[in-house]
Amino acid sequence: MPKRILFDIDDTLFPTTEFAELARRNAIRAMIEMGMRKSENELHAMLMAIIAEKGSNYPNHFNVLCARLKEKRPARFVAAAVGAYHNTKTSIQPFPAVPSTLLSLREAGHKIYVATNGEATKQWDKLIRLQIALFFEDVFVSEELGEEKGPSFFRKVVKRLGAKPGDCVMVGDREDADIIPAKAVGMHTIRMKTGRHAAAKSSAEFQANDFRDIPKIIKGL
């Protein structure tokens, strides 16, 4: 039975898609409260276009938004948006079964880790705010490994663990980032049917609708 289990963060450990939408809406409303003369839907459409263009990890979405609106003095709008966005972080929670399941896996003798794309500080911030950071033996982030999740990323992780691929399990919601590359190096895979990719087809060995299913699946490997 595999003893090393790696988890993605976004839409695997907590509902990232729902949080991101709430945070963006709160940011836009804060800009309007500060005098931005556009409707919420107009600003949301522009913001989502900028995110699609720049990527979700780009740090200056609201600066670009103000530039495209030709705001001559954008500071108050950017400050309001960033403040509201970060204030929303105080409300984030993991999926309900996550803490108890992580605890049960540790008690069963498994070592659990995180394998995620993104900036290290931001990903650690999520784990700390979710109050689950201390469950994990280590956290592997694309920024620190020098590449995003793919076969090479997972080979580096397996090497750092001093393990064989067949002794490791990758649990994530995305076929492209979590399942296919982990399978390519010989890891076991469990696809969580959560978040915006929930309906996508998967080649994972197992799929789970509920986080509580993971210990039983792993026990059967």
For region 1-127, the Rg and Dmax computed from alpha carbons only, in angstrom
18.0, 61
I need the calculated FRET efficiency for the pair Glu205 and Thr17, taking r as the beta carbon distance and R₀ as 30 Å, to the nearest 0.05.
0.75
In the structure shown, do any of Lys89/Lys159; Lys38/Lys122; Lys54/Lys111; Lys54/Lys164; Lys126/Lys149; Lys122/Lys193 have a Cα-Cα gap over 28 Å, and if so which?
Lys89/Lys159; Lys38/Lys122; Lys54/Lys111; Lys54/Lys164
HN-Hα couplings for region 15-23 via Karplus (6.51, -1.76, 1.60; θ = phi - 60°), in whole Hz with x for Gly/Pro, come out as x, 4, 4, 5, 4, 4, 5, 4, 5
Given the rule -39500 (n - 2.57) for each run of at least 4 DSSP H residues, summed and divided by the residues of the chain, what is its mean residue ellipticity at 222 nm, to the nearest 500 deg cm²/dmol?
-13500 deg cm²/dmol
Largest first and rounded to whole Å, the semi-axes √(5λ) derived from the alpha carbon gyration tensor of region 17-91 read 17, 14, 11
Distance-filtered residues of region 93-109 - backbone nitrogen under 17 Å, label point 7 angstrom along Ala163 Cα→Cβ
102-109
Can you pull the three principal axis extents for the Cα set of region 91-190, in Å, largest first?
35, 30, 24
Which of the trypsin sites (Lys or Arg not before Pro) found in region 49-122 are in a DSSP loop and have at most 15 neighbouring Cβ atoms, other than their own, within 10 Å?
Lys70, Lys72
Give me the number: length gained by fully extending Glu33 to Arg73, i.e. 0.36 nm times residue separation minus the C-alpha to C-alpha distance, one decimal in nm.
12.8 nm
Just to confirm my numbers, what's the Cα centroid distance between region 1-32 and region 150-221 in Å?
19 Å
Kirkwood Rh, the chain, all Cα pairs: how many Å?
18.6 Å
Fully extended, how many nm does the chain gain between Gln131 and Met48 (0.36 nm per residue separation, minus their Cα-Cα distance)?
27.0 nm
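We did not get these values from a lab; they are worked out from the coordinates using the rules stated. Everything numeric here is computed off the predicted structure, so don't read it as measured data. Please note: Cβ atoms are built from the backbone with ideal geometry, for glycine as well, and neighbour counts cover all protein chains shown.
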